[in-house]
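The values are calculated or read from the model by the stated rules, or taken from the named source; none is laboratory data. Just so it is clear, the structure is predicted and the values come from calculations on it, not from any experiment. Using ideal geometry, Cβ is built from the backbone for each residue, glycine included, and neighbour counts are taken over all protein chains shown. Side chains included, ligands, DNA and RNA excluded: accessible areas come from the protein's heavy atoms. Shrake-Rupley method; radii C 1.70, N 1.55, O 1.52, S 1.80 Å.
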Amino acid sequence: MLNEEFFYPTVSVKIGSYFFDTGVTFDVFSSKEKHFDWAKVRFTKEFVDKVSFNKMDDVKIYLGYSGNNEAIFDGYVKRTVNTGMTLDNEIVAKDEMIKLEETRITETFLNVSPQEIIQYGLDKAGIKNYKIKSQTFVKKPTLVVARKNIVELMGEVNRIWGINERFFFLDKIFYWGEIPDQDEIYEFIYGENIINMTFKNGFWVFETISAPFVRHSHKINVTHPSISGIFEVYRVHYSVNEKGFPRTEIYFI
């Protein structure tokens, strides 16, 4: 169990060849209900006419303390957005899952297991790092796939085999039916590192200044007058507001 000291938060964003530690705000969303993490990065007026981005430019967003930064998002530009200024001043990015969305296949599989189809799709998308559930499934004698992207292909695998295996990326490693290892269980304590906590839409949610080390599916230890114990994180929302203050909202059941 680890109790993190929350002093001297730091923020930085790298997009393509550009690096920012001021002049940007962002929201990063990571959830068990989505296959992908996604982010919005916005630029202050001083940067709008000085930067230019292309689809699939690298996007890395870091939060940390006392200069020890941790990547909360590692993905690619999906599109730029004009929100009212003369030039694009916002980008939307997705994690490695964008490569699976952009890769389509047409193939006939014979005597095939779910894992063999998943591995085939990952190879086609250029994904080399993955952890796939080793459970034995009955093989299907024939499976025809026509112009499906790899995300659609994985949904088809779940449907055909009557399963509901979760799949997502974390730190550029693809997981299918597996959960990443967790080295530490972090503590969040009322009056120390919990700013406020509410119950809404079926979830407990609390706000803290910055928690870059917490991801969805992690276990956390919560001590609060309303609820205490060890819980699994369902959703995380990281953000930096216009004053440069980092915030993290953590949802759990």
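Here are some notes:
- In the range 22-43, the residues that are modelled with pLDDT under 90, surrounded by 14 or more Cβ atoms within 10 Å (Cβ to Cβ) and not in a strand (DSSP E or B): G23
- Within the range 185-201, residues that are in the same structural domain as S228 (by the TED database) and of a type in the set (F, W, Y) reach partners that are assigned to a loop (DSSP other than H, G, I, E, B) and surrounded by 12 or more Cβ atoms within 10 Å (Cβ to Cβ) with beta carbons closer than 7 Å, at six or more positions or on different chains, in the pairs Y186/E4; Y186/F213; Y186/V214; Y190/H224.
- Restricting attention to the range 177-212, the residues being farther than 30 Å from S134 by Cα and among the charged types (D, E, K, R) number 4.
- In the range 89-133, the residues that are on the phi < 0 side of the Ramachandran plot, among the polar types (S, T, N, Q) and open to solvent by 30 Å² or more (accessible area, probe 1.4 Å): T106, T108, Q119, N129
- Listed by position, the strands (runs of 3 or more DSSP E) inside the range 134-253 whose residues that are surrounded by 13 or more Cβ atoms within 10 Å (Cβ to Cβ) number at least 3 are 140-149, 167-170, 173-176, 186-189, 203-208, 219-223, 228-240, 246-252.
- Sole exception among (1) within 19 Å of the chain's Cα centre (by Cα); (2) part of a strand (DSSP E or B) for I98, by number: (2)
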